[in-house]
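All of the numbers you see were taken from the coordinates with simple rules; none came from a lab. What you are looking at is a predicted structure, and each value in this text was computed from that prediction instead of being measured. In this analysis, Cβ positions are derived from the backbone assuming ideal geometry, glycine residues included, and neighbour counts consider all displayed protein chains.
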């Protein structure tokens, strides 16, 4: 039980951090220097790490970080919390600015074949994986609040790909009843996820 409590607390803390960063970016979009300082204090270390990993030079990474925050100041109004997490959006800017600096140097670093193991992975980064896991956990928690027959039908429909007809046959209920169960369950699930 203590593990579940700490997981819930961690999730709540992560959600609160994310929302605070979303609000700070909205403030930057409105021209608030205080909001920009807040974004900086929350993300500068991570963004600097991205720059340093790509540029392999501390001074160059520091200069890139300055450019990144100028870009954030100018483009904060384009951030859409519905399309991306704030950390992902900021990390993308850091990555792109760092790569632009590499290209501007006109020097491609020599890389040995042994370095192939260090080639960037195109899968979602750790932050995206954590956010996806949190979303999955929240979905499972909300599914657990539904009546057993609704939750079972929704799980079977969406995770196993069963049709309404197959669900009705498996549950020995009329097709209309099964559709009603799933519809009401989805409405309750939507409400739970929106809390």
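If a/c stays under 1.5 just call it rounded; otherwise compare a/b with b/c (prolate if a/b is bigger, oblate if not). Do that for segment 26-103, with a ≥ b ≥ c from the square roots of the Cα gyration tensor eigenvalues.
prolate
Residue 73 to residue 159: FRET efficiency via 1/(1 + (r/R0)^6), r the Cβ-Cβ distance, R0 45 Å, to the nearest 0.05?
For residue 73 and residue 159, the calculated efficiency is 0.55.
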